[in-house]
Amino acid sequence: MSARIRTLVLVCPLLLTACEWFTDFKRQPSISTWEQVKDSTTPSRGNPQMSVPTVGTAVAGYQVSYGAFPATIDSMAGLRNPTAASDSSLANGRKYFQINCAVCHGDRAMGDGPATRYGMPGINLTTDMTKARTDGYIFGMIRNGRGLMPPYNRIEELDRWDVVNYLRALQGVSGKTVPIGPLAAPGVTGDKVPGPTRLGPNQPAPFFKPHNNAATSAAPAAAPTDTVPTRADSTRVRVDSTRGRTTR
């Protein structure tokens, strides 16, 4: 075999492996969210606007375990209830209590819910022992659950404090008088059930609208610290727009 033929035999496979002869939907050009375009320092797209929450969270998932352990729940006993027991808070707490709690604890939280007729032990929340629990402890019980109590972390944080306020009224320790029982017949919706999430992002992010043109690619300045209400009737809090944290 001549030297020329041997060279072709060695080079051709290398050339063939460097070519894309077949294409399909699994292999196609794509750009990741923050991938730079060519030699530009501007990302291919900006971070989604209104993507920084304004309310933050009292207990983030990485701070406290979701385990249903006494020590874990005790660690949340010192949390301060940030929500005043206003009429709107109590009304919202009643909705969540009726949907999630009354089936076992009963309309008056006395442990006589309909589930007790099917073998569920009656757990009275109006005893002196439960009254002596802190708001943070009850918050943690709703968040993590324990024993026969399943976790109800599906109740968002702001709403969870409303449930605590409503329970305190049922216990007679807050000085508030609240209506008791279902808000409406089964199947009725509208204002008789909880509304949309209140933890949705609603704070402008500091960077938006990237362009390849260097003259227009500069990101705007970070949004200034401002005051926004966590809810219609609550105290106002200070928000760091760049981090989504709150200070009071």
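A few points about this structure:
- Positions within segment 88-106 being surrounded by fewer than 19 Cβ atoms within 10 Å (Cβ to Cβ) and either touching a helix residue (DSSP H, G or I) at 6+ places or on another chain (Cβ under 6 Å) or in contact (Cβ under 8 Å) with a residue 12 or more places away in the chain (or both), in sequence order: Ser88, Ile99, Asn100, Val103
- Among residues of segment 138-157 that are more than 11 Å from Cys101 (Cα to Cα) and charged (D, E, K, R), those with a Cβ under 9 angstrom from a residue that is in a helix (DSSP H, G or I) and open to solvent by 50 Å² or more (accessible area, probe 1.4 Å), sequence gap 6+ or separate chain, pair up as Arg146/Pro70.
- Extreme residue, farthest from Ala58 (Cα to Cα), among residues of segment 175-206 that are among the hydroxyl-bearing types (Ser, Thr, Tyr) and at pLDDT 90 or above: Thr189
- Just one of the listed residues (Ala109, Ala132, Ala71) is within 17 Å of Pro150 (Cα to Cα), over 18 Å from the mean Cα position of the chain (by Cα) and open to solvent by 30 Å² or more (accessible area, probe 1.4 Å), namely Ala71.
- Here Ala115 fulfils each of the conditions (1) open to solvent by less than 50 Å² (accessible area, probe 1.4 Å); (2) out of contact with any Cys (no Cβ under 8 Å at 6 or more places or on another chain); (3) more than 25 Å from Asp74 (Cα to Cα) apart from (2).
The values are calculated or read from the model by the stated rules, or taken from the named source; none is laboratory data. In this text the structure is predicted, and so the values were computed from the model without any measurement. Cβ sites come from the backbone with ideal geometry, for glycine too, and all protein chains shown count toward neighbours. Surface accessibility is based on the protein's heavy atoms, side chains included, excluding ligands, DNA and RNA. Shrake-Rupley method; radii C 1.70, N 1.55, O 1.52, S 1.80 Å.
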